[in-house]
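Derivation of every value follows stated rules applied to the coordinates shown; laboratory data play no part. Just so we're clear, the structure is a prediction, and the values are computed from it rather than from any experiment. Heads up, the Cβs are rebuilt from the backbone with ideal geometry, glycines too, and the neighbour counts pull from every protein chain shown.
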Amino acid sequence: MVVGAILQASSYQLAQFIIGRIVTGLGNGLNTSTVPTWQSECSRSHRRGQLVMVEGALITGGIMIAYWLDFGFYFLDPNEISWRFPLAFQIVFCLFILAFVLSLPESPRWLVYKGREDEAMKVLGALSDEDPNSPAVKEEFYAIKDTVLEASKGSFRDLFTMDENRHFHRVVLAYVNQMFQQISGINLITYYIPNVIENEVGLTPFLSKLIAACNGTEYFLASWIAVFTVEKTGRRKLMLFGAVGMSICMICLAATDSQALKGNTGAGYAEVVFLFLFNTCFAIGWLGMTWLYPAEIVPLKIRAPANAVATSGNWIWNFMVVMITPVAFDTIKYQTYIIFAVINAFIVPCVYFFYPETAYRSLEEMDAIFVKTKSVFSVVSVARNEPRRYGKHGEVLISYDETDMAHRRRSSVGGAAVRRDKNEKGGDEQETRSYDSQSTAQMIESPSQQPVVIVGRGLVGLCLAQALKKADIPCTVYERDDALETDKGGGWAITIHWALQALQECLPANLFRQLADIQVDREQGIRDTGRFLFLDLATAQPKYEIPPSKRMRVNRRLLRLLLAEGIDIRYGKHLVSFNAAEGDHAATVTFGDGTSADSKLVIGCDGSNSKMRHLLFGEDSTKSRLYHLPVRALGVTIRMTEQQIVPLRQIDPLLFQGSHPETGTFLWYSTISTPSLNRSDGADEPYYEGQLIMSWLYRLPDDDVPADHEERRMLMRRMAAPFHDTLRTAVELVPKGTAVKEVRLADWPTQAWPNHEGKVGLCGDAAHAMTMFRGEAFNHGVTDAAKLARLLVWVRDEEMTMRDAIDEYEEELVSRTYEAVLLSRQACLDAHSLQDLGPDSPLVSKRARILAPATTVSGKEGASMPKG
């Protein structure tokens, strides 16, 4: 660009000037196709939009300077300096760039691509202000490395492929995005506004150039609006706002210009106003967007050539608009504006239906979204429903290792994950079968006769035990607590909806019939419609009604007592170690009291923070640990009189939830028991039991849960202050001295575990810990139990090996529950933003899944369990 500017400013012949323009154009083309890509690759997901939008603002800064230079030199007598100096002045900015460009870091993705991994780690650490060896930096590095391993196999021809990565689809979106910017008509204003004001409005040359310079200044100031709104508002909304605004402005320009040409001075002044407004709409919606968006949606494999192609589209259509505008105004006058009004109106549905939201998405996340896209019409909905890896403040919501894209990439690029283990551990990867060096495998002659060992007597563990007992498969449950009625979630109720069929399959008929007697409200259970309301807590009015489904709402404590009937439970058995010997030997579990148990099959049903899961994954705690969400919650069970509970039961007799539109505080209410269930109906003061849970986003240390119960109670009261009277009063009913429990919100997205040739499995929360916000945890757990019991029937009848059965069970469970955990996580986050909550959110969208008929296992019919 420096060479081109020198050639232009020193020209004495037209040929030299044209050559200078060509050289400058080549330099500017390289700049505009490279800088947005570099910015995107060097930015965090929650700041990328702002940083790239600054580029758009600086573009308008250059336009503003050019206008004022032009205006200043207008006063000189016509001579060479009046055009040579403005052309040469651009060298100042080029020299500024040259002075600092060598101090800028290379893109970490480019460094990984070139094999300079240590440098990439340092750059990632510097960009995120973290130590290069910190877990966050390592995780981002691995995500980039896996992507680069794919990209290394790419070629220019990949621009036009439509495999699962949908390269051509993405290139077209990027190209059309750049094209839309130019055919909006912006350069009709930028290039020709002095002529338009002078010839169409009828003002003097002096006023025309002065207004043009003022327009450029306003354009520059308006461009900063997008810098501060692009992340909060998102890309789609800004593009839609810009297109709608520009279309309206073009219509108004056509109307005012048609009158100005007839000598209407007022219409001419109005036309000037709409020229300013058009620039404002464009600056907010489309100025920087076309430098940001294409770099976000194309994959690393084709990012450089794809952005080059897209940028060429910008300049090609720029050239077209600039060339036809003078001819159009000479030929059809004000109707030129109508053409651009129609074009901008056409942009609106194109953006709405075809352009997915990219805000708060890493560049690697967009790859996952397009892989899941099946047509050009579905990408927007896929992006809307795909859980985000990063929050609005850059916090990690989903570890890269948890994503299905990570698993897909590693299987397609030759095992990046295995290489990672070798690099980190400094040696070859070794298969580990013993998880405790002090454990000793015991040799058993007839392991098939040993009972199945179930670790954990939670609801799912007991369901599995009942299912095995029903199928005449011996089992023993080992529980770390000392008694059945240890207070574990006693103040909860359980909603059984899409897993009712699975639960019926697990339980003997007499126990299943008794479920009706432990419903939180027996009478309501008979006439329950299955509706589930989500409220605006400020008004107590329903915001959404979750699609109803058949359900049964039961008391959790009573359900545990029911499921424990007839089951062999050993208490005080705290799991210490697990050992799986090779071959046809039993697995051994050892407990804290020194006892052990041997079995052909061990199933971990020991809850979300499963000890069995931790033992299976060994020293690599990152694979087994829970992921804590940036949300804090408090829960309390209270007794209420009929008079006190009536206002709540008028909203819904069983349960409801909601969020406050301003504070984002979430409230859950559910009835736990009625007087007939808790047997207070014959007392002097019969009572109902209700559960209240309040949660909020954790942003600052002050947002954490207080240690003292009374402080927790007062915190709940303060958070409920802006609620509707009915809801606020319910929170204020919590009496002083009540134990207010912290509800820890964490999950573990399902992944395959080492099952040691079919000797060990996980079930329920141990296999797929998830939050409560979709009410699916127990339903998935019951489904786990039913499916596992069916497979073990085949093993019992010697029609399937234990190894094949557990492999099949594990594969089905992972495929069914992985996405469910992430949807539950997204629902948890959505619950705290009523303004952003939409009908497609996993919090309120239809979520019932019907358990597949139990007629086939591994392609065989008749796999349903025997009744006795």
Ascending count of other beta-carbon atoms within 10 Å, so fewest first, for ILE603, ILE97
ILE97, ILE603
Centre separation in Å (Cα based) which lies between the stretch 1-78 and the stretch 784-846:
54 Å
Listed pairs LYS138/LYS623; LYS114/LYS145; LYS470/LYS759; LYS301/LYS623 exceeding 19 Å between Cα atoms
LYS470/LYS759; LYS301/LYS623
Tell me the volume per residue, in Å³, of the convex hull enclosing the alpha carbons of the stretch 467-592.
187 Å³
Over the stretch 687-729, what number does the Rg to Rh ratio reach, with both radii from the alpha-carbon atoms and Rh per Kirkwood?
1.01
12 Å Cα-Cα reach of LYS333 towards aspartates and glutamates, excluding residues that sit fewer than 8 places from it in its own chain
GLU200, ASP257
Taking a ≥ b ≥ c as the square roots of the eigenvalues of the Cα gyration tensor of the stretch 566-625, is the shape rounded (a/c under 1.5), prolate (a/b larger than b/c) or oblate?
oblate
Fewest to most neighbouring Cβ within 10 Å: what's the order for LEU791, LEU537?
LEU791, LEU537
Express the Stokes-Einstein translational diffusion coefficient of the chain in µm² s⁻¹, to the nearest whole number, given a Kirkwood radius over alpha-carbon pairs, 4 °C and a viscosity of 1.567 mPa s.
41 µm²/s
Principal axes of the stretch 720-846: Cα extent on each, largest first, Å
63, 37, 22
Output needed: percent of Cα pairs per 10 Å distance bin for the stretch 637-723, bins running from 0 to the one holding the longest distance.
15, 41, 29, 13, 2
Percent antiparallel among DSSP beta bridges confined to the chain, nearest 5, equals 75 percent
In whole Hz, with x marking every Gly and Pro, tabulate ³J(HN,Hα) for the stretch 337-349 from phi via Karplus 6.51 cos²θ - 1.76 cosθ + 1.60, θ = phi - 60°.
4, 5, 4, 6, 5, 5, 4, 5, 5, 5, 4, 4, x
Please state the shape class of the stretch 222-373: rounded when a/c is under 1.5, otherwise prolate if a/b exceeds b/c and oblate if not, all from the C-alpha gyration tensor.
prolate
Decide, for the stretch 10-79, between rounded, prolate and oblate: order the square roots of the alpha carbon gyration tensor eigenvalues as a ≥ b ≥ c, take rounded if a/c falls under 1.5, and otherwise choose prolate if a/b is larger than b/c, else oblate.
oblate
What FRET efficiency comes out for GLU582 versus ASP131 if R0 is 41 angstrom and r is the Cβ-Cβ distance? Round to the nearest 0.05.
0.50
Least to most buried among CYS214, CYS249, by other C-beta atoms within 10 Å and fewest first, runs CYS214, CYS249
Write down the radius of gyration of the stretch 91-204 and its Dmax, each obtained from C-alpha positions, in Å.
22.2, 66
Give me the Kirkwood hydrodynamic radius of the stretch 1-137 in Å, from all C-alpha pairs, to one decimal place?
17.7 Å
Entries in LYS122/LYS372; LYS550/LYS787; LYS469/LYS573 that, when Cα-Cα distance is taken, lie over 24 Å
LYS122/LYS372
Using eta = 1.002 mPa s and T = 20 °C, Stokes-Einstein with Kirkwood Rh from Cα pairs puts D for the stretch 673-746, in µm² s⁻¹, at 150 µm²/s
